[in-house]
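Below: one structure, written as C-alpha cells.
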Amino acid sequence: MIKTKITELFGIQYPVIQGGMAWVADAKLAAAVSEAGGLGLIGAAAAPAEVVEGMIKEAKALTSKPFGVNVMLMSPYADDIARVVVEQGVKVVTTGAGNPGKYMDQWKAAGIKVIPVVPSAALAKRMERAGCDAVVAEGCESGGHIGETTTMCLVPQVADAVSIPVIAAGGIADARGVAAAFALGAQAVQCGTIFVCAEESPCHAKYKQMVIDAKDTDTIVTGRAGGAPIRSLKTKFTRSLVKMENENISREEFELRTAGSLRKAVQDGNVEEGTFMSGQIAGLVKSVAPAKEIIEKLMGDSEALLKNLTAERGIILG
Ligand code: TUI
C-alpha cells in the first residue's frame, strides 16, 4: 500500500491518476481506472457539454468510485462544461491548456477538488493562491499539448514553490518513474501514454500498436510556431507538418491540415492524416493490458522498488 496526501485527498487506493487525454479518456477508460483503485479522468477536450454530460452519466453507471473530469480550457465549450461538472456532482476537476481562475469560485462553492495542470512554478503559485487543492506538474516529455520544461526540472521546482500536493506527469510508465516522481517531491503520478494501451482505451488497434512499436526517439513536436506545441508519434504526416512550419506555412493552412487529426488517429487509426499523441515514454509500453493489470503492476513494482531502492540499484550507502 502506498498512502500519500493525494490518495487521502481523493479517497483512492493508489496514487495514480489517468491523464484526461482528448478523445481517449472516455467514460469506459476512466471508470476502469477508478474501479482499479486509481483516479480515472474523463477528457472533455473540445467536445460539446452534452457529450461530456453523457460521458459523466456513463461513468457513474460503471463505477461508484471517485472519478474526475479534465476541462481543456481552450475548448469553445469550456464555460458550459464548467457548469455541467457542478450540476453532475463531479468530485474532481483537472484543467489543462490554460488558467482556470474564472471557474474557481463556482467549483469551490460546489465542493469540487480543483487540480490544474501547470507547466511552470509561477502558474503553480498562482493556482495555490486561487485556492486549488493540488497541481499536476506536467513535463514536456508528455504527449499532447506541452510546456517547455522537463518533468525532472519542473516537479522539484513546483514542489518547492507550493505547499499543496504535487502530482508528477510526463515520462512516467513504470516503477522507476514513480519512484523518481516521489524523490522529486510529488505525492502521486499522472500517466497518459501507458493508458492509451489499456484494453479499455477506445484507441484504434493501430494506434496502440504504434505506441508499442515506438522507441525513445519516436516522438516529434508540431505546432510550436502557432504557440500550441503538441507531442505525437513521428509519422510521415507529423514530419511534414514540422517541415511546413519551418517553411512558415500560415496558421490557417496549418489548422486546416490538422483539424480532426486526433480523431482520425483514435477512431480510424489513419496513419496518413492522424496525429497519434504520445509521450516520450512510449518505448517502455510493451503490450495492451487491462487498466487493472497496468495499475497493479505499476504500483506493486513501485512498492517493491521504494522499499529497497538502493539495494536494487546496487548503490551502497555509508
Ligand atoms: O492540456 C494538456 N494536454 C493536451 S490538451 C490537448 S487538446 C489540444 N488540441 C490542440 C491544441 C491544444 C490542445 C491535447 N493535449 N496538458 C496540460 C497542459 N496544460 N499542458 C500545458 C498546459 C498549460 C499551458 C499554459 C497550462 C496552463 C497554461 O497557462 C497559460 C496561462 O494562461 O497562464
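What the table shows:
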quantity	calculated
Subset of the range 2-23 [modelled with pLDDT of 95 or more, of a type in the set (A, V, I, L, M, F, W, C) and open to solvent by 10 Å² or more (accessible area, probe 1.4 Å)]	Leu9, Phe10, Ile12, Met21, Ala22, Trp23
Cβ pairs under 6 Å, 6+ apart, first in the range 71-85 and within 19 Å of Val117 (Cβ to Cβ), second in a strand (DSSP E or B) and of a type in the set (Ser, Thr, Tyr)	Val71/Thr95; Leu73/Thr95
Residue within the range 24-31 that is hydrophobic (A, V, I, L, M, F, W, C), closer than 26 Å to Gly147 by Cα and either open to solvent by 10 Å² or more (accessible area, probe 1.4 Å) or not assigned by TED's automatic domain parsing to the domain that holds Ile194 (or both) present	no
Wholly enclosed helices (runs of 4 or more DSSP H) of the range 1-83 bearing at least 2 residues over 19 Å from Met277 (Cα atoms) and of a type in the set (Val, Ile, Thr)	5-10, 49-62
All positions within the range 90-103 that are touching a helix residue (DSSP H, G or I) at 6+ places or on another chain (Cβ under 9 Å) and either part of a helix (DSSP H, G or I) or buried (at least 19 other Cβ atoms within 10 Å of the Cβ) (or both)	Val90, Val92, Val93, Thr95, Pro100, Gly101, Lys102, Tyr103
Selection count, the range 163-177, where residues are hydrophobic (A, V, I, L, M, F, W, C) and out of contact with any Cys (no Cβ under 9 Å at 6 or more places or on another chain)	4
Residues of the range 118-163 satisfying the condition of being in contact (Cβ under 8 Å) with a residue 60 or more places away in the chain, more than 10 Å from the ligand (Cβ to nearest atom) and open to solvent by 10 Å² or more (accessible area, probe 1.4 Å)	Asp133, Glu141
Considering residues of the range 32-50 that are surrounded by fewer than 24 Cβ atoms within 10 Å (Cβ to Cβ) and farther than 16 Å from Val90 by Cβ only, the residue nearest to the ligand (Cβ to nearest atom)	Ala46
Members of the range 63-82 that are open to solvent by less than 20 Å² (accessible area, probe 1.4 Å), of a type outside the set (S, T, N, Q) and out of contact with any strand residue (DSSP E or B) (no Cβ under 8 Å at 6 or more places or on another chain)	none
Residue list for the range 180-193, filter: open to solvent by 10 Å² or more (accessible area, probe 1.4 Å) and in contact with a Leu (Cβ under 8 Å, 6 or more places away or on another chain)	Phe182
Residue count for the range 265-306, restricted to those that are within 16 Å of the ligand (Cβ to nearest atom) and closer than 21 Å to Ala188 by Cβ	3
Scan of the range 261-277 for residues that are open to solvent by less than 40 Å² (accessible area, probe 1.4 Å) and not in a helix (DSSP H, G or I), ordered by number	Gly269, Asn270, Gly274, Thr275, Phe276
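The values are calculated or read from the model by the stated rules, or taken from the named source; none is laboratory data. From a predicted model like this one, the values you see are computed outputs, not experimental measurements. In this analysis, Cβ positions are derived from the backbone assuming ideal geometry, glycine residues included, and neighbour counts consider all displayed protein chains. Just so you know, the surface numbers come from the protein's heavy atoms only, side chains and all, with ligands and any DNA or RNA stripped out. Shrake-Rupley method; radii C 1.70, N 1.55, O 1.52, S 1.80 Å.
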